[in-house]
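K.L.:
This is the structure I have questions about; it appears just below.
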Amino acid sequence: MRLVVERLELDDGDAWTATPARTSLGAHEIDLSVADGWGDDGVPGVGPGAAETWSWSVARSAPGVGAVRAVRVVFRVLDARGPIRMLRHGYQSWSPSDVAVFGVDRDPSLAPGSVELIRAINQADQRIVTHADELRSEWVTVLVDDDGQPIVVGFDGGDRHDGTLRLRTGPSGVELCAEAFLGDAVLGSGERRTLHAVTVATGAPVDELLAAWAAMVGRRAGARVDAGHQVGWCSWYHYFHGVTRADIDTNLALSDEWPFDVFQVDDGFQSAIGDWLTVSERFGGDLPSMAVAIAARGRRPGLWLAPFLAAPDSRVATEHPEWLARGVDGEPLVNMFNPPWEGGRGGSMYGLDTTRDDVREHLRALAATLVDMGFEYLKLDFTFSPSFDGVWSDASFTPAQRVRAGFDAIRAGVGDDVFLLGCGVPLSNSVGVVDANRIGTDVAPAWSLGPVESLLAGYAGTKPATRHAWSATAIRSFLHRRVWVNDPDCVMLRTSETELTPEAARTWARAVGVSGGMVIVSDDLALLDDEARSVLDEAIALSQAADRAARVGDVATCPDLLDGPEPRRLRSVAGDLVVETGDGRSTFRTAG
Ligand code: 9PG
């Protein structure tokens with residue numbers, strides 16, 4: 001199988017225009033050039049296999065301003081033998097990744113009843129795909145056929161715009177579109193935007209190709225990959241929204257014998273989504289005294305927030321309606337629906353307009369205040385919010401730039417030393433600003449998925465299930481310490497108040513360990529016995545060993561990545577884990 005560039009396409013929001021001539025497209029022109037090697041600073045011969053990198057830019061050549069929805073370089077897929085399999089890499093932390101079969105599997109947006117809100121949360125482009133056989137991957141993909149020679153195609157960054165790979169049958173056969181998604185960003189007359197280069201690489205095993213791609217992306221973005229190994233406690237997966245200050249104090253008091261570095265309070269403390277400096281009456285206490293209490297116990301105080309969301313009845317939304325992103329109807333955009341948050345509209349949440357200077361100043365000051373209170377670790381959640389289609393104050397921003405601007409404002413507020421963990425984050429947008437990212441769906445006190453609400457039609461894989469978290473941990477293992485520190489999500493240790501079998505809980509803890517990622521406990525410590533402690537101690541030892549190797553380039557791999565829809569294996573210097581995905585049992589061999 002091979003890829004040959006055939007044409008360029010541009011969507012100005014109304015229509016697609018195409019050219020084989022590689023230059024002018026109506027009001028715009030695209031400049032495309034190719035060089036051998038990885039990345040547009042690539043050196044031929046360096047890196048595994050054979051790589052070529054397509055560098056490109058788009059300019060508005062006509063007078064006046066105009067929107068650009070997307071720009072594509074379209075490759076013809078030639079000489080494929082047998083069905084083409086495609087790695088579908090998910091858009092944000094919780095968006096599933098899998099291996100789909102072209103011509104058989106369908107894009108989730110085509111599921112009957114798929115909901116635009118859920119599509120906007122889980123894809124760069126929230127519209128339904130236009131081709132019945134289309135498969136999409138975000139940021140990077142792998143194609144493989146019966147010849148077994150994988151081809152990796154990836155964008156060399158994601159902070160200027162998203163990148164979507166679309167495999168489909170076009171006018172002249174099967175094609176792969178590498179799409180720079182600008183999301184209707186407005187270009188001025190004569191303005192040129194340099195796009196993220198597209199690297200196509202083959203001729204080496206898939207783990208080597210993905211490793212080289214991730215390393216190249218991390219290098220180019222100045223990835224923050226030097227944070228220490230993380231072990232901690234998080235309130236979410238036992239207490240959920242019901243957490244109280246008393247629960248925090250109780251667990252702190254029990255924590256002396258536990259090896260936690262960070263102690264992170266999750267969702268449930270805040271007086272409203274958007275009002276992060278005040279706690280609810282139900283939670284009790286106040287933030288500064290909580291940070292002091294955590295630090296007094298020798299832990300780094302950590303706090304969850306969803307910085308770009310605002311409940312309709314929050315102070316931030318009612319005092320600053322001008323800060324809210326809007327739809328074309330002039331009403332505030334709804335960027336999340338989560339009934340437990342209530343908020344005046346039954347759980348519908350608004351989004352802050354991160355293209356506004358005053359909103360970014362608010363985010364900067366908020367983050368700085370939390371640090372002044374004593375927090376050293378922030379989990380920034382639901383951060384996909386600024387990516388939605390809508391009316392944004394500064395229309396020149398791409399969705400990726402809106403997300404990034406929010407993160408950059410927070411980084412400016414916290415300084416260089418505070419640990420930022422992205423969650424629900426459009427992954428490609430955040431390299432170089434976060435220290436770590438959640439790289440999978442939430443775990444749950446159950447292995448497999450329960451019943452799925454119709455809201456999630458097509459997107460059931462985004463729903464919490466430990467099995468989903470396992471799959472993401474294996475598939476995205478290659479990102480660890482190359483673009484950030486991977487957070488696979490919390491280990492699940494308790495044996496009461498859970499549907500996870502002890503075998504499945506141990507499998508998951510070992511997966512976290514073998515991955516080398518963060519090891520965070522999320523149980524009421526009073527429920528944990530010696531057996532739970534030994535599961536944790538093993539996970540920490542494995543993870544420390546795997547992470548030490550990852551820091552010098554020996555990162556965990558998924559040996560059966562391309563063998564089926566869902567991986568079963570994860571391997572690193574810490575050991576080799578083989579998982580029965582149906583029920584979460586596993587076999588494990590340590591490396592030594
Ligand atoms: C707090 C949690 C935890 C968790 C995060 C995130 O309704 N939803 O679709 C939905 C999706 C994810 C989610 C919660 C709700 O989990 O991943 O660790 O911090 O938020 O609310």
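K.L.:
Tally time: how many residues in segment 410-434 are of a type outside the set (A, V, I, L, M) and over 17 Å from Ser95 (Cβ atoms)? Reasoning before the result, please.
P.N.:
Of segment 410-434, the ones of a type outside the set (A, V, I, L, M) are 411, 413, 415-417, 419, 422-424, 426, 428-430, 432.
From what is left, the residues that are over 17 Å from Ser95 (Cβ atoms) are 411, 413, 415-417, 419, 432.
Of the residues in segment 410-434, 7 are of a type outside the set (A, V, I, L, M) and over 17 Å from Ser95 (Cβ atoms).
K.L.:
Hey, another quick one. Given the criteria more than 16 Å from the ligand (Cβ to nearest atom) and open to solvent by less than 10 Å² (accessible area, probe 1.4 Å), does Ala368 qualify?
P.N.:
On the way: more than 16 Å from the ligand (Cβ to nearest atom): yes; open to solvent by less than 10 Å² (accessible area, probe 1.4 Å): no.
Judged against the criteria, Ala368 is not a match.
K.L.:
So is Asp98 of a type in the set (Asp, Glu), farther than 24 Å from Asp381 by Cβ and within 25 Å of the chain's Cα centre (by Cα) or not? Working first, answer last.
P.N.:
Details: of a type in the set (Asp, Glu): yes; farther than 24 Å from Asp381 by Cβ: no; within 25 Å of the chain's Cα centre (by Cα): yes.
No, not satisfied.
K.L.:
Tally the residues that are over 18 Å from Ala227 (Cβ atoms), more than 15 Å from the ligand (Cβ to nearest atom) and open to solvent by less than 40 Å² (accessible area, probe 1.4 Å), restricting the search to segment 447-477.
P.N.:
5
K.L.:
Scanning segment 284-343 for residues that are β-branched (Val, Ile, Thr) and in contact (Cβ under 8 Å) with a residue 40 or more places away in the chain, which turns out farthest from the ligand (Cβ to nearest atom)? I'd like the intermediate steps shown before the answer.
P.N.:
Taking segment 284-343 and keeping what is β-branched (Val, Ile, Thr), we get 292, 294, 316, 318, 328, 334.
Remaining after also requiring in contact (Cβ under 8 Å) with a residue 40 or more places away in the chain: 292, 294, 316, 328, 334.
On the way: Val292: 23, Ile294: 17, Val316: 18, Val328: 25, Val334: 13 Å.
Out of the qualifying residues, it is Val328.
K.L.:
Identify, from the list Trp233, Trp213, the residue that is aromatic (Phe, Trp, Tyr) and touching a Gly at 6+ places or on another chain (Cβ under 7 Å). Give the steps one after another, and end with the answer.
P.N.:
Numbers: Trp233 fails: touching a Gly at 6+ places or on another chain (Cβ under 7 Å).
Answer to the check: Trp213.
K.L.:
Let me ask something else. Checking Ala246 against (1) open to solvent by 10 Å² or more (accessible area, probe 1.4 Å); (2) touching a residue at least 40 places away in the same chain (Cβ under 8 Å), only one condition comes out false. Which one?
P.N.:
Here Ala246 clears every test but (2).
K.L.:
Still on this structure, please answer the following. Within segment 221-239, can you find the residues that are farther than 28 Å from Ala541 by Cα and surrounded by fewer than 19 Cβ atoms within 10 Å (Cβ to Cβ)? Explain how you work it out, then say what you get.
P.N.:
Within segment 221-239, the first condition is being farther than 28 Å from Ala541 by Cα, and the residues that meet it are 221-222.
Result: Gly222, single match.
K.L.:
Scan the strands (runs of 3 or more DSSP E) fully inside segment 490-592 and keep the ones with 2 or more residues being among the polar types (S, T, N, Q) and open to solvent by less than 50 Å² (accessible area, probe 1.4 Å).
P.N.:
Result: empty, no element qualifies.
K.L.:
Still on this structure: Determine whether segment 503-516 contains at least one residue that is within 16 Å of the ligand (Cβ to nearest atom) and at pLDDT 95 or above. Quick ask: steps written out before the conclusion?
P.N.:
Step one: filter segment 503-516 for residues within 16 Å of the ligand (Cβ to nearest atom), giving 508, 512.
Restricting the remaining residues to those that are at pLDDT 95 or above gives 508, 512.
Yes, segment 503-516 contains a residue that is within 16 Å of the ligand (Cβ to nearest atom) and at pLDDT 95 or above.
K.L.:
Which count do you get for residues in segment 344-365 that are small (Gly, Ala, Ser) and either within 16 Å of the ligand (Cβ to nearest atom) or closer than 17 Å to Ile118 by Cβ (or both)?
P.N.:
First pass over segment 344-365, keeping only residues small (Gly, Ala, Ser): 344, 346-348, 351, 365.
If we keep only those that are either within 16 Å of the ligand (Cβ to nearest atom) or closer than 17 Å to Ile118 by Cβ (or both) as well, we get 346-348, 351.
Qualifying residue count for the region: 4.
K.L.:
Kindly provide the set of residues from segment 375-394 that are more than 13 Å from the ligand (Cβ to nearest atom) and more than 23 Å from Asp416 (Cα to Cα), ordered by number.
P.N.:
Pro386, Ser387, Phe388, Asp389, Gly390, Val391, Trp392, Ser393, Asp394 - these are the residues of segment 375-394 that are more than 13 Å from the ligand (Cβ to nearest atom) and more than 23 Å from Asp416 (Cα to Cα).
K.L.:
Keeping to segment 409-428, report how many residues are away from the ligand (no atom under 16 Å from the Cβ) and out of contact with any Lys or Arg (no Cβ under 8 Å at 6 or more places or on another chain). Break it down stepwise before answering.
P.N.:
Our first condition is that a residue be away from the ligand (no atom under 16 Å from the Cβ); within segment 409-428, this holds for 409-418, 428.
Subsequent filtering for residues that are out of contact with any Lys or Arg (no Cβ under 8 Å at 6 or more places or on another chain) retains 411, 414-418, 428.
Here the count works out to 7.
K.L.:
Checking the condition of a type in the set (S, T, N, Q), modelled with pLDDT under 90 and assigned by TED's automatic domain parsing to the domain that holds Thr164, which residue from Ser33, Ser57 passes? So that I can check it myself, show each step before the final result.
P.N.:
Working: Ser57 fails: modelled with pLDDT under 90.
Matching residue, one of Ser33, Ser57: Ser33.
K.L.:
Follow-up. Answer with yes or no whether Ala295 is open to solvent by 10 Å² or more (accessible area, probe 1.4 Å), under 19 Å from Val414 (Cα atoms) and assigned to a helix (DSSP H, G or I). Give the steps one after another, and end with the answer.
P.N.:
Numbers: open to solvent by 10 Å² or more (accessible area, probe 1.4 Å): yes; under 19 Å from Val414 (Cα atoms): yes; assigned to a helix (DSSP H, G or I): yes.
The answer is yes for Ala295.
K.L.:
Right, something else. Just for strands (runs of 3 or more DSSP E) wholly inside segment 181-272: which have at least 2 residues that are away from the ligand (no atom under 16 Å from the Cβ) and over 24 Å from the mean Cα position of the chain (by Cα)?
P.N.:
Details: elements: 192-194, 198-202, 231-234, 262-265, 270-272.
In segment 181-272, 192-194 are the strands (runs of 3 or more DSSP E) which contain 2 or more residues that are away from the ligand (no atom under 16 Å from the Cβ) and over 24 Å from the mean Cα position of the chain (by Cα).
The values are calculated or read from the model by the stated rules, or taken from the named source; none is laboratory data. Every value quoted in this text rests on a predicted model; they were computed, and no experiment measured them. Note: ideal-geometry Cβ built from the backbone for every residue, glycine included; neighbour counts use all protein chains shown. Keep in mind that these areas ignore ligands, DNA and RNA; they rest on the heavy atoms of the full protein, side chains included. Shrake-Rupley method; radii C 1.70, N 1.55, O 1.52, S 1.80 Å.
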